[in-house]
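Visitor: Here it is: the structure, laid out below.
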Amino acid sequence: MSLRVRLILLWALSSLLVIFLLFITGFLIFRRFSPTDQEILIEVLFPFRFHLLLPLVFLVLALIWGAKWFLEKYWFPLERMLEELELVRTVNSSLRIQTQGSTQLKALAAKLNQMAANTELTQQEIKKNIEQATRSLEEEKHLFEALLEHLPTGVIVTNSEGHLLLYNHQAQQLLEEKNGTKPGLGRDILKIFESTDAEQVLQEMRIQSDEPDGIPERSFFLGRNGGSLKVTAHAVMNQHHLLEGLLFYLEEEAQAVESPDSQFVSSQSGNKMTNHIRLRNRPIYYDFDLFQKSLRHPELNDVSIRDLNYTVFDTETTGLDPRGGDEIISIGALRIINRNILFDERFEQLIDPKRKISKASIAIHGIQPQVLEGCPTIDKVLPDFRSFCSDSVLVGHNVAFDMSFLKMKEVQTGIVFNNPVLDTLLLSAVVHPTQELHSLDSIADRLELEIDGRHTALGDAVVTAQIFLALLTLLEERGIFTLNQAFEASQKTHYARLRY
């Protein structure tokens, strides 16, 4: 029950209590008269009974007007002001509070807006100083990328638990061609290698990490798609001689060294988004903050929302009725690792629905039927999408709609999506309960996020991911820190009652 509804109920109960007390008082006074006086009093007052009720009617109307005036002039504007002030403080320093309500609240809003403007200027100055101070670090980062650029072999770095921190394009290409698997930041290296030899080698290296003589390098071979891929594993030790991570070199057996000019570098850093740096066409993907994170969570419900991996996705469909035969025609998704959006690790696929597409749907997403001819069907796409989503929490906007389509395909494809699910629509209602609009456009406007590529599956997934990262900060401001707390808060909103 929202605070606004509680206030209205409180006013109604208070009004009924006042009326009840007036009746009780009048009744008690009436009982003190003798029976004869009571009859006389009734005989005198009865013709004026409607006139006697007029003060009571005026009292009720006065209570209604007073409550309405207080709520509209003070309470609701103050409630909205607090929400907007939280936005200014946390995610959108350029937002200004709307001047609504009483004269006093308008004056307060003007003062707060002046403070917000001064704070924004200070933040801009601090940001400028930080950018100047980090130039030397950027130069070192570019040097690191340039060194990896000239390595002729594939390189993979993991933390001590085996989750990917870095891989270059050579490693990605070799794994896809020789092993039929794809690497990704934060993923388990054993699920990528898919080899019992690799599992045995890594287990032995972890056991040997306690030995004073150190850990010798170990080698093993991979290869499912023809050819043989040699993998050499090295231990990365910290200053305390503890196992910090693992370094893998991948090379095709007896392969010639390729020219380093045919690849490119793409690095991932920063707090929110991936930055792209070009160095002669060689991509390197890394996030060394994952060195400090443990990604093996036996129970996700109590895990901090900061530490989870997310797959943000969206679908486009032939219509709005999955039970009536409508189908998915496009899936777009990308991953969030360590609160960074991995734009280079994305899933985007058109799907042949084997049925007509409604004109209303085409007007929204613009996908013409002829574009889908020859595309894979849903039973071919969902296994790859399920693999892309593994070990992550699913995130979508109004995600009950998308999940209903995936649910309808469980029997046909045998693919079950049992990942935990969060909905940015519900989370927005949690952090902004007084706002009436919670569409992607409305939320992005409140958070001052740029929107590009709307009404495409991948474009909407990108916007949803940006909104989701901003909402995480606002959730923590409201004392919501774990996945279970976020889910429980979502289920208390009005929108959680919608079913598809």
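Visitor: Angle check, please: helix 35-45 long axis (alpha carbons) against the longest principal axis of the chain (alpha carbons), in degrees 0 to 90, nearest 10.
Guide: 80 degrees
Visitor: Something else about it: P(r) for the chain, please, calculated from all Cα pair distances in 10 Å bins and given in %.
Guide: Calculated over all Cα pairs of the chain, the distribution is 3, 14, 21, 21, 16, 10, 6, 4, 3, 2, 1, 0, 0 percent.
Visitor: Residue by residue through the range 319-328, what is 3J(HN,Hα) from phi via Karplus (6.51 cos²θ - 1.76 cosθ + 1.60, θ = phi - 60°)? Round to whole Hz and write x for glycine and proline.
Guide: x, 10, 10, x, 6, x, x, 5, 10, 7
Visitor: With θ set to phi - 60° and the Karplus curve 6.51 cos²θ - 1.76 cosθ + 1.60, what are the ³J(HN,Hα) couplings of the range 15-23 in order, to the nearest whole Hz, using x for Gly and Pro?
Guide: Along the range 15-23, the couplings run 5, 4, 5, 5, 4, 4, 5, 5, 5 Hz.
Visitor: Given 10 Å bins starting at zero, what is the percent of C-alpha pairs of the range 300-497 in each, up to the one with the largest pair distance?
Guide: Here the calculated profile for the range 300-497 is 9, 36, 37, 16, 2.
Visitor: Can you compute the helix-only [θ] at 222 nm over the chain? Use -39500 (n - 2.57) per DSSP H run of at least 4 residues, normalise by all residues, nearest 500 deg cm²/dmol. Write out the running numbers ahead of the final one.
Guide: Working: 18 runs with 228 residues, N = 500.
Per the formula, -14500 deg cm²/dmol.
Visitor: For the range 3-129, report the % of Cα-Cα distances exceeding 23 Å.
Guide: The share of Cα pairs beyond 23 Å in the range 3-129 comes to 59 percent.
Visitor: Label the range 294-376 by shape, choosing from rounded, prolate and oblate, from the square roots a ≥ b ≥ c of the eigenvalues of the Cα gyration tensor; if a/c is under 1.5 it is rounded, and otherwise prolate applies when a/b is larger than b/c, oblate when it is not. Don't jump to the answer; show the numbers that get you there.
Guide: On the way: a/c = 3.14, a/b = 2.30, b/c = 1.36.
Prolate.
Visitor: Using the Cα centre as the reference, give the magnitude of the dipole from point charges on the C-beta atoms of the range 395-500 (Lys, Arg: +1; Asp, Glu: -1; all else neutral), rounded to the nearest 20 debye.
Guide: It works out to roughly 480 debye.
Visitor: A further question on this structure: Show me, for the range 159-167, the HN-Hα J-couplings you get by feeding each phi into the Karplus relation (A = 6.51, B = -1.76, C = 1.60, θ = phi - 60°), rounded to Hz, glycine and proline as x.
Guide: Once θ is set to phi - 60°, the couplings for the range 159-167 become 7, 5, 8, x, 9, 5, 10, 7, 7 Hz.
Visitor: What distance in nm lies between label points placed 7 Å from Cα along the C-beta direction at residue 452 and residue 41?
Guide: 8.1 nm
Visitor: Residue 200: net charge of surrounding residues, Cβ under 12 Å, Lys/Arg +1, Asp/Glu -1, itself excluded?
Guide: Taking every other residue near residue 200 into account, the sum is -1.
Visitor: Okay, next question. Between beta-carbons, use under 13 Å as the cut-off and find the net charge around residue 444, counting Lys and Arg +1, Asp and Glu -1.
Guide: -4
Visitor: Continuing with this model, one more query. In whole Å, how far is the Cα centre of the range 17-75 from that of the range 174-200?
Guide: 81 Å
Visitor: Sticking with this one: Subtract the Cα-Cα distance of residue 495 and residue 114 from 0.36 nm times their separation in residues, and report this length gain in nm to one decimal.
Guide: Gain on extension, residue 495 to residue 114, equals 133.6 nm.
Visitor: Take peptides 309-321, 351-363 and line them up by average Cβ neighbours within 10 Å, highest first, as a rough protection proxy.
Guide: The most tightly packed comes first, giving 309-321, 351-363.
Rule-based calculations on the coordinates, nothing more; no lab input. Bear in mind the structure is a predicted one, so any value in this text is a computation, not a measurement. Cβ atoms come from the backbone with ideal geometry, glycine included; neighbour counts cover every protein chain shown.
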